[in-house]
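Below: the structure, in structure tokens.
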Amino acid sequence: MTTEPRTIPTDCLIGGVWRVGGDDDRFDVQDPSTGETIASVASATVEDGLAAVAAAHDALAGWAATPPRER
């Protein structure tokens with residue numbers, strides 16, 4: 001019996017929003033013990049990285065003001 005590879009598409013989570021990578025490209029991630037493709041993830045660009053850093057910076061003040069037990 002042949003089964004389809006289990007793939008889980010994963011995009012970039014930036015500023016709380018899932019979005020495709022800037023170049024709209026993806027790459028597969030394999031389980032090293034079986035060689036099975038276990039996920040297909042967005043290939044983020046430098047611009048995606050900079051957007052993620054900017055979103056984290058913007059979120060810092062609100063996160064820091066949140067009491068630790070609520071985080």
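Couple of notes before you dig in:
- Globularity index of the chain is 1.50 (Cα radius of gyration / 2.2 N^0.38 Å, N = number of residues).
- Antiparallel bridges, percent of DSSP beta bridges restricted to the chain (to nearest 5): 80
- Probe 1.4 Å, protein heavy atoms only - accessible area per residue of segment 13-54 in square angstrom: 66
- Percent carbon-and-sulfur accessible area, the chain, ignoring ligands, DNA and RNA, probe 1.4 Å: 59
- Residues Asp24, Asp11, ordered by accessible area of protein heavy atoms at a 1.4 angstrom probe radius and largest first, appear as Asp24, Asp11.
- Order of exposure, largest accessible area first, which applies to Ser40, Ser33 with probe 1.4 Å: Ser33, Ser40
- Within a Gaussian network of the chain (alpha carbon springs, distance under 10 Å), most fluctuating of Gly15, Gly35, Gly49: Gly35
- Among Leu50, Leu60, Leu13: highest mean-square fluctuation, GNM of the chain, C-alpha pairs under 10 Å: Leu60
- Across the chain, the mean sequence separation of Cα contacts (distance under 8 Å, 6 or more residues apart), normalised by length, yields a relative contact order of 31 percent.
- Angle between the chain longest axis and helix 46-65 axis [Cα atoms, degrees, rounded to 10]: 50
The values are calculated or read from the model by the stated rules, or taken from the named source; none is laboratory data. For clarity, every value in this text was computed on a predicted model and none was experimentally measured. What goes into the accessible areas is simple: the full protein's heavy atoms, side chains included, and nothing from ligands, DNA or RNA. Shrake-Rupley method; radii C 1.70, N 1.55, O 1.52, S 1.80 Å.
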